[in-house]
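Colleague: Attaching a single structure in C-alpha cells format; questions to follow.
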Amino acid sequence: MSMRIGLGFDSHAFKEGVPLVIGGLKIDHPQGLAGHSDGDLLLHAITDALLGAVCAGDIGTFFPPTDPKWKGADSTVFLETALEEIALAGYKIVNLDCVLIMHRPKIVPIAAEMRERVADLLGLELNQVSIKGKTPEGLPQDGTAVAHVVVLLESLDNGESGRKLALHADRPTESDIEAAITSIAAQPRDISALGRKVPAFDTDDLT
Ligand SMILES: [Zn+2]
C-alpha cells in the first residue's frame, strides 16, 4: 500500500452583499467572501490538497479564474473534479485536517455541522474530517478568511476500483489501462464541464 500527502491553502476577503458559504455550508452572516466563484475557501483548499497529493496541479489548472464559465460557480464542482483525479490516480482519502482562521463568524459553534457537510461531499465518515477554528491573534488579518488543509491518501486495493491508473512513476500495465477504459466508458461523465487544460502551476487563484 502506498500513501500520499497533500497540502492546501486559500484566502478570500470578506465582502458586503454576497452570501457566506464555507465548506459547502450556507452561514447566516452579514458578509460573504469575495471571489470569482462562490468564494468557498475551505472547499478550494481541500481541492488543492487533493490535487496536490496526486501531483495533478491545482484548482487554477482545471478552473482558470479568467474563464467566465466559473463566475459564481458552486465550489462543489471543483471538489468533484479533485475526487475524480485521485480516483484515477488510484487513491482514496484516509483523513483530512482543516484549520479556518478568521475573526468572524466564529467557527467552533458551526464546526460540527460543517464537518458533516464536508464529510458528505467527500463521501467520508465524520471521524475522517477535522475542522478547527482559530482567531488570527496578532496577525493583521481583519476582513480576510484563511484556510489550511492537509489530506492523507492511501492506494486503492487491487480490484477495489477498475479505474486504477498508475502515477507517473509506475507505468500502467495493459490490463490496468483496459480496466480503466472499460470502467470510464461504463460511467458516463460530463468531461466538457471540467474545463481541463495544460497544467499551469503559477496560475493566480482567484477562485
Ligand atoms: Zn479560493
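Colleague: Please list 50-57, 109-116 highest first by mean number of surrounding beta-carbon atoms within 10 Å per residue. Don't skip to the answer; put the middle values down first.
Modeller: Working: 50-57: 21.5, 109-116: 15.6.
Put in order of decreasing packing, that is 50-57, 109-116.
Colleague: Test of understanding: ordering Ser37, Ser75 by Cβ neighbours within 10 Å, fewest first, what list do you get? Don't skip to the end; give the middle numbers.
Modeller: Working: Ser37 23, Ser75 27.
Ordered from fewest to most neighbouring Cβ atoms within 10 Å, Ser37, Ser75 come out as Ser37, Ser75.
Colleague: Spin-label point model (7 Å from Cα, Cβ direction): what's the Asp142 to Asp97 distance in nm?
Modeller: 3.2 nm
Colleague: Also, I was wondering about something else. Cα-Cα over 24 Å: which of Lys15/Lys106; Lys69/Lys92; Lys71/Lys132; Lys15/Lys69; Lys26/Lys134; Lys69/Lys106? All intermediate terms of the calculation are to be shown ahead of the outcome.
Modeller: Numbers: Lys15/Lys106 17 Å; Lys69/Lys92 29 Å; Lys71/Lys132 29 Å; Lys15/Lys69 21 Å; Lys26/Lys134 19 Å; Lys69/Lys106 32 Å.
From the list (Lys15/Lys106; Lys69/Lys92; Lys71/Lys132; Lys15/Lys69; Lys26/Lys134; Lys69/Lys106), the Cα-Cα distance tops 24 Å for Lys69/Lys92; Lys71/Lys132; Lys69/Lys106.
Colleague: I would also like to ask the following. Over the Cα atoms of the range 3-155, Rg to Rh with Kirkwood Rh, two decimal places?
Modeller: Working: Rg = 14.6 Å, Rh = 15.4 Å.
Expressed as Rg/Rh, it is 0.95.
Colleague: What number comes out for the charge environment of Thr76, summing +1 per Lys or Arg and -1 per Asp or Glu over other residues with Cβ under 12 Å away? Walk me through the numbers before you get to the answer.
Modeller: Numbers: positive: Arg117; negative: Asp38, Asp40, Asp74, Glu80, Asp120.
For residues surrounding Thr76, the net value is -4.
No lab work stands behind these numbers, since they all come straight from the coordinates. Source: prediction; values computed, not measured. Glycine also receives a Cβ, built like all others from the backbone with ideal geometry; neighbour counts cover every protein chain displayed.
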